[in-house]
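Peer 1: My questions all concern the structure below.
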Amino acid sequence: MTDKSRAITTEELWARLFAAKNAGNFMAEYSENYELPSFSDYITDLCKSRGEKPEQVIRRANIESSYGHRLFAGGRNPSRDTVIQFAYGFELDVNETQQLLVIARHAGLHPKIKRDSVIAYCLHNKFTLMETQQFLYDNSLPLIGGGRLG
Amino acid sequence: MDSVYRESQINDVGLEELLASYDESAYPEVFLEKYFLTECLAERNGTDTFAAVDASGSKYIAKCYDRSLWDMEEGSILRNLQGAGLPRFVESFSNERMLVNVREYIEGVSLDVYAAENDLSRENITEICMKLCDILSGLHHRTEPVIHRDIKPQNVIISSDDDGTILNVTLIDFDIARKYKSGSDTDTRFFGTQAYAAPEQYGFSQTDARADIYSFGVLLRYLLTGSTRKNDKITVYKPLAAVIDKCTAFSPDDRYSDIDQVKKALSQANPQAQKRRALKLTACCVLALMLVSFAGFRIYKAVTWTPFNDDAIPAFTSDEERVSDAVSYMNEKYDTDLFGGTQQTLDGTEGADSVATIGLLKTVLIDVYGLDADYVNAPNTDIPNESEDFFFPWTWADDQTIGRGTMVYVAVKVHDPAIVADWSSLKDDNGEYPGERVALEFAEETGIMTGANRPDDITVGEMALILANAERVFDAAAEAEAKRVVN
């Protein structure tokens, strides 16, 4: 690969990956004055608007089925890693993932966190959850959901 | 495995390259060797807050201060602050660019999130705030007092069990806490969070513990109303509204001078505590009445009454003797014939046995108790009059009859509106008006209903009895209080 074939530089990629970094801050301030939808309502609506069934999302997110359905039904907020799994389940882009994390009241993906950067990169490039896990594993970073590869 | 290393269709920068451009040289090396950063929780004013794990998987919070922006000693304030309600300081690292403080991770959610997710009752809020008072008291009463200066729900962590029972309240974020040095004139920089910061934190004068008391008041208001700003449209339970107002007075001199006073005020404003106070009041009444009768004063016959038990008189029939005594007592005392007797009452009915109406009750409030006519006569609309401008939170036509609960509410409110401060016009889960329920509880404890047994459509005589009983209770309490002051 030659330099000429490059579409963008690494700086531009960083900027592109975390363009919506401040959206999280905005949402956090927003939520002080207005109520955020609950995580379960949000993902239920997301399913409807995308014409998908929860089963499909839960399967792609590699979440245990009964736990996944409980999250759709409401109750406690899931952990940050589970929310990231849902991002893969819905095939969200970085921006949409940041929003989903805010809805679940977790910190957004952040460029100062190496693991977050890898995840953002993978979401940006529409990699699957398994592909992302492989990247994390190869770079000695904790896997999403804390599980082991294979 | 190699199959996943496909180049993206969107850009040509590979992940390896991306990671190679990842720069963490600013952080102390030893820190990065020991801790792995998992989340960036906040990023502001040259301070990054990270969640981190060590090799054993234990979770910590690491605060990284940019040394070009922050001038602080290593370990800073938190190192010297150990105690209940404060996070445990673990260790600190530094290099020429950055200072890193590692502290224990507190399992739980911040108070703003907790409040949004749980329907907090007044008791819950009071409980949380009293715990916060204890933490602040520990800080303010050190030999060298520490002022937190950024008290807000986001800096209070609530740890609860699965049932939602609160286990612990922890105050975090000591970034801008400073030790109070008497003699320095003003703080040179603005610190704090705008909505919660006391006016003097904008540079009017040196801040002391009362700046925390101000922010505490805003926090209490936020929990009760959902807003950091005063909103007259939202009714706050009056005793707590008084605490908020005093905490958030513009001038520090007008605030509570010590957080312990705030805690005391909160415990007194707590409905549970109010119940205990009502019991104390009853005890005072009994004592005062005994003293008075022994002293031989001619006082109202009610003093010597003993309560009837339920078997003695039919449940819904009032005690005739007490009613007639009350009627003559009230008519004599106020030089009126509103309470029946031999003459016709103003609303056209005859005698103490006739059924009382709202119209008569309003006349009594204005003529006997001297209340303002505009205050008593709410406009006759379909909507509730939930405002301090009107005596009745509900609207009735003048010819409507009166229930005993309403009468008790009026009898209590006319003497001490604070007791029935929660006078929402919405009925609660038991189908009762909150204000009326509070009044009835108070009346049962103090004997205001003694002898008045008819639940609905009460007579003019029963109206007089309830009012007379209430006078007896409140007069005795006032007398007991006067004696206490003298002694």
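Computed from the coordinates by the stated procedures, all read-outs in this text should not be read as laboratory data. What you see is a predicted model, and the numbers here were worked out from it, not measured in a lab. So basically every Cβ, Gly included, is an ideal-geometry build from the backbone, and we count neighbours across all protein chains shown.
Peer 1: Can you compute the label reach from A:Arg76? Point 7 Å from Cα along the Cβ direction, backbone N cut-off under 13 Å, restricted to the stretch B:138-166.
Peer 2: It comes to B:160-165, nothing else.
Peer 1: Under a Cβ-only charge scheme (Lys and Arg +1, Asp and Glu -1), can you give me the dipole magnitude of the stretch B:24-104 about the Cα centre, in debye to the nearest 20?
Peer 2: The dipole of the stretch B:24-104 has a size of about 300 debye.
Peer 1: To continue, here is another question. At q = 0.14 Å⁻¹, what log₁₀ I(q)/I(0) does a Debye calculation on the Cα points of the stretch B:24-104 give, no solvent, two decimals?
Peer 2: -0.43
Peer 1: Please sort B:162-169, B:262-269 by packing, taking for each peptide the average over its residues of neighbouring beta carbons within 10 angstrom, highest first.
Peer 2: Output ranking for B:162-169, B:262-269: B:262-269, B:162-169.
Peer 1: Ok, one more. List the residues, sorted by chain then number, that are 5 or more residues from B:Ala42 or on another chain and whose placed amide H is less than 5 Å from its amide H.
Peer 2: So B:Ala42 has HN proximity to B:Thr49.
Peer 1: Just to confirm a number: summing +1 for Lys and Arg and -1 for Asp and Glu over residues other than B:Asn168 whose beta-carbon lies under 13 angstrom from that of B:Asn168, what do you get?
Peer 2: Local charge sum for B:Asn168: -3.
Peer 1: Right, something else. Per residue of B:35-48, count partner chain C-beta atoms within 10 Å of its C-beta, then hand back the mean as an integer.
Peer 2: That average works out to 4.
Peer 1: Sticking with this one: Averaged across the residues of A:119-131, what count of C-beta atoms belonging to other chains lies within 10 Å of each residue's C-beta?
Peer 2: 3
Peer 1: What is the spin-label model distance, in nm, from A:Asp41 to B:Glu481 if the labels are put 7 Å beyond Cα along the C-beta direction?
Peer 2: About 4.6 nm separates the two model spin labels.
Peer 1: Read phi for every residue in the stretch B:445-456 and hand back ³J(HN,Hα) as whole Hz from Karplus 6.51 cos²θ - 1.76 cosθ + 1.60, θ = phi - 60°, with x for Gly and Pro.
Peer 2: Residue by residue, the stretch B:445-456 yields 5, 9, x, 5, 9, 3, x, 9, 10, 6, x, 10 Hz.
Peer 1: Residue-wise, which Karplus ³J(HN,Hα) couplings in Hz belong to the stretch B:135-148, taking 6.51 cos²θ - 1.76 cosθ + 1.60, θ = phi - 60°, and x for glycine or proline?
Peer 2: My calculation for the stretch B:135-148 gives 5, 5, 4, x, 6, 6, 9, 6, 4, 10, x, 10, 9, 5 Hz in order.
Peer 1: Each residue of the stretch B:404-411 in order: what ³J(HN,Hα) in whole Hz does its phi give by Karplus 6.51 cos²θ - 1.76 cosθ + 1.60, θ = phi - 60°, with x for Gly and Pro?
Peer 2: For the stretch B:404-411, the Karplus curve yields 5, x, 5, 4, 5, 4, 5, 4 Hz.
Peer 1: Please report the spacing between the Cα centers of the stretch B:211-246 and the stretch B:105-134 in Å, no decimals.
Peer 2: 15
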